[in-house]
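Notes follow once the structure below has been shown.
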Amino acid sequence: MNQTTSSFRKRVMQQPWDLWWIQALRLTRIEVKRNLFSWRASWIYFLAFIPTLIILIHVAVGRRLQLSMDDDTEILAGIIQFYYIRLGIFFGCLGIFSRLIRGEMIERSLHFYFLSPVRREVILLAKFAAGSISALLLFGSAILADFILTYTVFGATGHDYIFNGPGLGQLEAYLMITVLACLGYGAVFLLLSLIFKNPTPAAMIVMGWEAINPIAPSLLQKISVASYLRHLMPVNVPAEGIFALLTVQTEAESVWTATLGLLVLIVLVLVYSCYRIRTFEIRYTTE
Amino acid sequence: MSVHKNTYRAYTGPVTPLWMRVFVLARYGFAEAWSSKITITLFTLSLLPVIVFLVGIYLANNPIAQSLILKNSHRMLTVDASFFLGALQMQSWIALVLTAWITPRLISFDLADNALPILLSHPISRFGYLFGKFIAIFGSLSVVTWVPCLLLFVYQCYASTQPWAAANLSIAAGMFVGAIIWIGFLSILGLALSSWVKWRVVATAVIFGAVFVPAGVGAIVNAVLRTQWGLLLNIPVTMSVLWQRLLGAPEFLRRGSSLPTTAIVAVLVLACLLCLAMLNARIRAREVVRG
């Protein structure tokens, strides 16, 4: 047993990790530039920052309204729970991560990557890292801006709420949710783009699945991104009106269980994606 | 005979009348749309709710079957404006799925392959080209929206033991007008978005996003700015309100958040005008060469 373990360790150590790391870094840098600084990415900026713009208008006219911090805290939680997780990050990640492989297929440029002396797994993981960095930078900064703007309007009380009250803890939780949502949806959409020529119908099924997931048996609830994220929300938003259609009540889970559960799901999806890309065939004629 | 001795002259045979030319494009559009197995599957799935509603009408008009099947239920099954509103809403959302699948097939291929200069060099105008595509998508969506809804209405007229049709003609008219507005809007929206997105894969996602993302933005506007006008960005809600008023069904929005019909119509008209502007900018006989 010890001999097998040591031989496995020796084999792992013999792999060219330094080379893979440099290759992954270079690929990630190229992809991040393409994701963030191209004209085609402008719609993702719109998805991320449209709530910020609305909150900015609110700040501008806020002095004329009777505002309550509790109401605004609940509204911010609602924006993150219903807009960012269900729509903004969902469609943003669909755009970013579907483009990584399927976009290269449509542009007929994927073979350049596959012909280069780089392992396919390295290409896939580098592209995933680039997509994750882009999504995190956009949506993370948007949520940070939303948070700051929401409490700016309250002046000293808002400052006190952030630094001496529960504000910073809530911000930390929102950023954590954003990171997990980007990674979770990213992994799922990357896999879908490897499996399907047009991943959008499958993504819409995922959207439907996320919406109806709470009525599924508890075992099936484990294969949903939003169900893990719900347990991490620092502020509980009561559903009403149209939001009620998207809202679900499930048994509470600890933060660690929810985070680890989602991370395990992401790792499983990525491992399967690495397995799929090894046998991935390029057929430009059918695109 | 050497080639240079050929004298080329204009075609002098019978010419397709001007107004008929768009139907050539429409015919090819239909063929393209329905050549996909997924379109056939979606169409077949779209008939499943119709069958459920058909069974509902049968049960509502057959007391014996109703007593056998709904034994312990105290709730009476009634076929009224709300029943047909449900049928129309269900079919309309299926139409959205069909639009997202079909429309990019009709227009993205032409743009991606730079085929527009060739197509528009034929004796057909840009309007004719778009109108032909519009007919293809509008016809395809009709098959899953107002046609089955009106068939349900006709079946209710036939199955009802009481004189029913004359007193409820407004429901049929409301369903027809509501479905026509919706599929007209979907067709223009689908064509506009597909013309701006070269890739079919992306176009499908963009059509869904164009319906659902503004709904989320509208909800944020409502919550943050403490207003109700954000609902106008919520296409699912505005259309449901419009259908409900056209059919004369009970209001489902709270009294305080009710939307005026003129505002809903204005938003739809504005959205259509924006789509037409997008089409006007994009559908041109030009070829983009990069490199």
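The helices (runs of 4 or more DSSP H) found entirely in the range B:51-150 that carry 1 or more residues being of a type in the set (Ser, Thr, Tyr) are B:63-69, B:81-112, B:126-142.
Residue check: B:VAL202 meets all listed conditions (1) farther than 25 Å from B:ARG27 by Cα; (2) modelled with pLDDT of 95 or more but one, namely (2). Residues in the range A:10-52 that are charged (D, E, K, R) and either surrounded by fewer than 10 Cβ atoms within 10 Å (Cβ to Cβ) or modelled with pLDDT under 85 (or both) were compared, and the one that is nearest to A:LEU144 (Cα to Cα) is A:ARG40. Here B:VAL217 clears all of (1) in contact (Cβ under 8 Å) with a residue 40 or more places away in the chain; (2) under 20 Å from B:CYS275 (Cβ atoms) except the condition numbered (1). Can you say whether A:THR5 is polar (S, T, N, Q) and closer than 30 Å to B:ALA210 by Cβ, as far as the supplied structure shows? Against the criterion (polar (S, T, N, Q) and closer than 30 Å to B:ALA210 by Cβ), A:THR5 does not qualify.
Quick grid of which residues meet (1) under 16 Å from the mean Cα position of the chain (by Cα); (2) closer than 16 Å to A:GLY184 by Cα; (3) surrounded by fewer than 16 Cβ atoms within 10 Å (Cβ to Cβ); (4) at pLDDT 85 or above:
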residue	(1), (2), (3), (4)
A:ILE57	no, no, yes, yes
A:VAL61	no, no, yes, no
A:SER68	no, no, yes, no
A:ASP72	no, no, no, yes
A:TYR83	yes, no, no, yes
A:LEU87	yes, yes, no, yes
A:LEU94	yes, yes, no, yes
A:PHE97	yes, yes, no, yes
A:ILE101	no, no, no, yes
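Residue pairs whose Cβ atoms lie under 9 Å apart, separated by 6 or more positions or on different chains, with the first residue in the range B:31-45 and more than 14 Å from every other protein chain (Cβ to nearest Cβ) and the second hydroxyl-bearing (Ser, Thr, Tyr), are B:ALA33/B:THR39; B:ALA33/B:THR103; B:ALA33/B:SER140; B:TRP34/B:SER140; B:PHE43/B:SER140. Of the helices (runs of 4 or more DSSP H) that lie entirely inside the range A:158-232, those containing 2 or more residues that are more than 14 Å from chain B (Cβ to nearest Cβ) and buried (at least 23 other Cβ atoms within 10 Å of the Cβ) span A:167-195, A:225-230. With respect to the numbered conditions (1) surrounded by fewer than 23 Cβ atoms within 10 Å (Cβ to Cβ); (2) touching a Gly at 6+ places or on another chain (Cβ under 8 Å), which one is the sole condition not fulfilled by B:PRO236? Every listed condition holds for B:PRO236 apart from (2). Identification of helices (runs of 4 or more DSSP H) wholly contained in the range B:191-291 with 1 or more residues that are closer than 30 Å to A:ILE106 by Cα and more than 22 Å from the chain's Cα centre (by Cα) yields B:261-282. Could you grab me the full set of residues in the range B:172-199 that are within 14 Å of chain A (Cβ to nearest Cβ) and buried (at least 24 other Cβ atoms within 10 Å of the Cβ)? Scanning the range B:172-199 gives B:GLY190, B:LEU193, B:SER194. Of all the numbered requirements in (1) under 22 Å from A:GLY88 (Cβ atoms); (2) aromatic (Phe, Trp, Tyr); (3) at pLDDT below 75, A:TYR228 misses one, and that requirement is (3). B:THR227 - would you say it is without any contact (Cβ under 8 Å) to a residue 12 or more places away in the chain and more than 11 Å from chain A (Cβ to nearest Cβ)? Against the criterion (without any contact (Cβ under 8 Å) to a residue 12 or more places away in the chain and more than 11 Å from chain A (Cβ to nearest Cβ)), B:THR227 does not qualify. Applying the set (1) free of Cβ contacts under 8 Å to residues at least 60 places away in the same chain; (2) within 12 Å of chain B (Cβ to nearest Cβ) to A:PHE37 leaves exactly one unmet item: (2).
Table: residues versus (1) facing another protein chain (nearest Cβ under 9 Å); (2) more than 19 Å from A:LEU36 (Cβ to Cβ); (3) assigned to a helix (DSSP H, G or I).
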site	(1), (2), (3)
A:VAL61	yes, yes, yes
A:ASP70	no, yes, yes
A:THR73	no, yes, yes
A:CYS93	no, no, yes
A:HIS111	no, yes, yes
A:VAL122	no, yes, yes
A:ALA126	no, no, yes
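Scoring A:PHE139 on the criteria (1) touching a Pro at 6+ places or on another chain (Cβ under 9 Å); (2) at pLDDT 90 or above leaves a single failure, condition (1).
The values are calculated or read from the model by the stated rules, or taken from the named source; none is laboratory data. All of these numbers come straight from a predicted model, not from anything done at the bench. Every residue, glycine as well, gets a Cβ built from its backbone with ideal geometry; the counts of neighbours run over all protein chains shown.
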